[in-house]
Amino acid sequence: MNDEGRSRGRGRRTPDSEPRDGAADTKPQRKPDDPAAQARDVVYRLLASRARSRLELRQALLRKDIDEEIADAVLQKFVDAGLVDDASFAEEWVNQRQRSQGLGRKALGFELRRKGIDEHLVESALSNVDSDAEAERARELVQRKLRGMGSVEHTAKMRRLVGMLARKGYSEGLAYRIVKEEIENAGDPAADSDLDLP
């Protein structure tokens, strides 16, 4: 073979270019994946980004085609180790979502139920929501939204702001009271008009 032929073949591996001294045979053969190990890896990866409910993790494992029995057994080990705990997940979820999204009790309860949290744990987590803090968070949301509604008619303001709070899971009574107070505080001349109705 001439030099040109040798240089063209450099860097390319062919079956004939493998060492013939048996070195290739000493490479460890890859075992078929252990489904339980695969399930553990999935759970660890998901828990690394944020806490999750047992149902969320189970659904993720089933989407990865992990057998139900293996998924349940692996998850039970995580529960036994305290790494998956629906009660602490529910409390953390409520605190985080109330702070970051300004959600009220109703919306928080809906989210927790959708994540498979048992009703008694939902009620326990929601009982930790401070009523004053919930009202204050609703007030902040209304104040922020109200700043950009200067030219909007009074009734439309009321409807939009109460609707916004309702979508965020605040009770109708609380939403109406907070919106009414904040519109009055903003000096809307039509704010007292509903008090003058016969």
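Brief remarks on what is shown
- Take the Cβ atoms of Arg63 and Asn95, set R0 to 30 Å, and the FRET efficiency comes out at 0.60.
- Here the range 53-198 yields Rg over Rh of 1.17, to two decimals, using C-alpha coordinates and the Kirkwood radius.
- Measuring nothing but how far apart in sequence close Cα pairs (under 8 Å, 6+ apart) lie, relative to its length, the range 65-180 scores a relative contact order of 28 percent.
- Take the range 64-132 with all the other protein chains still there, run a 1.4 Å probe, and you get 58 Å² of accessible area per residue.
- Label point distance in nm, Leu47-Ser88, each placed 7 Å from Cα along Cα→Cβ: 0.9
- Rough spin-label spacing in nm, given labels placed 7 Å along Cα→Cβ, for Ala156 and Ala37: 6.4
The values are calculated or read from the model by the stated rules, or taken from the named source; none is laboratory data. Being a predicted model, the structure only gives us computed values, none of them experimental. Here Cβ is always computed from backbone atoms with ideal geometry, including for glycine, and neighbour counts include all displayed protein chains. We work out accessible area using only protein heavy atoms, side chains counted, and drop any ligands, DNA or RNA first. Shrake-Rupley method; radii C 1.70, N 1.55, O 1.52, S 1.80 Å.
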